[in-house]
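Reading through the structure tokens given below for one structure.
The values are calculated or read from the model by the stated rules, or taken from the named source; none is laboratory data. Bear in mind the structure is a predicted one, so any value in this text is a computation, not a measurement. Reconstructed Cβ throughout: ideal geometry from the backbone, glycine too, with neighbour counts over all protein chains shown.
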Amino acid sequence: MSKKQDSGQQPNREQLLQMAVNTAKAGNKEGARVMLRQVLSEDRRNERAMLWMAKIARSSKERRQWLKRVLDINPDNEAAKTQLKRMDYQTSAQQNRILLIFGVVVGVLLVLMVIVFLALSSA
């Protein structure tokens, strides 16, 4: 019997993964998630499926979990390492902006307090 897919057969894992990728690219993330979960239920170490789960994750926390899972399986996966580094950079940059804004606000408040203090003490 041939391994080619008959019209009545279920898609194999690779076909299902490709269908999930195409579905995700078309914007149907929920449909893609269902298919990717099916792929991962059959192959828990499928890095491509995990990377796509990271790509369509609902939150940065979920995305980070998928990327770390890829690296648990393959510490040399450059795509996962690059994406995690990018996420770390973005988080760090956001925290630095918040600290800078906080510092400016505190500085302005201190200047205003000095002005008010000087005005009150000279009156």
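What the table shows:
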{"quantity": "Residues of the stretch 96-123 satisfying the condition of being surrounded by 10 or more Cβ atoms within 10 Å (Cβ to Cβ), at pLDDT below 85 and not aliphatic (A, V, I, L, M)", "calculated": "96, 97, 102, 103"}
{"quantity": "Residue check, residue 32 under 22 Å from residue 82 (Cα atoms), among the aliphatic types (A, V, I, L, M) and touching a helix residue (DSSP H, G or I) at 6+ places or on another chain (Cβ under 8 Å)", "calculated": "no"}
{"quantity": "Pairs with Cβ under 6 Å, 6+ apart, first in the stretch 8-26 and closer than 21 Å to residue 45 by Cα, second part of a helix (DSSP H, G or I) and β-branched (Val, Ile, Thr)", "calculated": "13/39; 16/39; 17/39"}
{"quantity": "Cross-chain or 6+ apart pairs with Cβ under 6 Å, the stretch 90-112 first and on the phi < 0 side of the Ramachandran plot and of a type in the set (A, V, I, L, M, F, W, C), then surrounded by fewer than 10 Cβ atoms within 10 Å (Cβ to Cβ) and not in a helix (DSSP H, G or I)", "calculated": "none"}
{"quantity": "From 44, 64, residue being more than 21 Å from residue 91 (Cα to Cα) and either basic (Lys, Arg) or in contact (Cβ under 8 Å) with a residue 24 or more places away in the chain (or both)", "calculated": "44"}
{"quantity": "Some residue of the stretch 88-109 being among the small types (Gly, Ala, Ser) and in contact with a helix residue (DSSP H, G or I) (Cβ under 7 Å, 6 or more places away or on another chain)", "calculated": "no"}
